[in-house]
Amino acid sequence: MKKLLILVLSSGLFVMMSCGDKKDSTATTTDNKSVENEMNAADKAKLDAFNTVSNAFQTGDVSKIDAVVAEDFVDHGDMKDVKGRDSLKAMIVAMHAKIKDAKTETLDQVVSGDYVYAWMRYSGTSDGSMGMPAGPYNMSAIELVKFNNDNKAIEHWAFMEMREMMKMMPPAAK
């Protein structure tokens, strides 16, 4: 019994030591600048592209979208896919016109291969014309963007908790 206990404890210690803190050169958070400095140029380009699109949603300025989004881009985040870079730009302009005080905040970001994952917080005041109730909103989502070899965004998905999605529902649907 004593040998079994020693074996279990030593195995547990080995597992704990082997799962120790290892730096991932592709991860970054808004608070961890040392990790960001270790990223390669391609990963930095992906984060910059993601942030350019995020900024466009906040400002309504789509002038930099062509540089960071592929022409055949597909956004899977809506009820129907938004296809093409020009459709994305039109969606950004339309959303910005209906939500004048839109704010986006990146809570965390990670680059993994061809993908950028970001935890985002969105706030503003909806005019009620986009299918969500008129008035202020504050919600968060996980955004996932796939990039091609030129570090241009080619696909996007958004994931929300049910309670966050319910904030966007008209009162009659709740």
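Below is a table of values for the structure above.
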item	result
Rg/Rh (Cα only; Kirkwood hydrodynamic radius) as it applies to the stretch 42-94	0.95
Packing-based order for 87-93, 152-158, using average beta carbon neighbours within 10 Å, highest first	152-158, 87-93
Residues of the stretch 57-165: accessible area per residue with a 1.4 Å probe, Å²	55
Accessible surface of the stretch 46-111, 1.4 Å probe, proportion on carbon and sulfur as whole %	51
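The values are calculated or read from the model by the stated rules, or taken from the named source; none is laboratory data. Everything numeric here is computed off the predicted structure, so don't read it as measured data. Positions of Cβ are backbone-derived with ideal geometry, glycine not excepted, and every protein chain shown enters the neighbour counts. Just the protein is used for accessible areas: all its heavy atoms, side chains included, with ligands, DNA and RNA removed. Shrake-Rupley method; radii C 1.70, N 1.55, O 1.52, S 1.80 Å.
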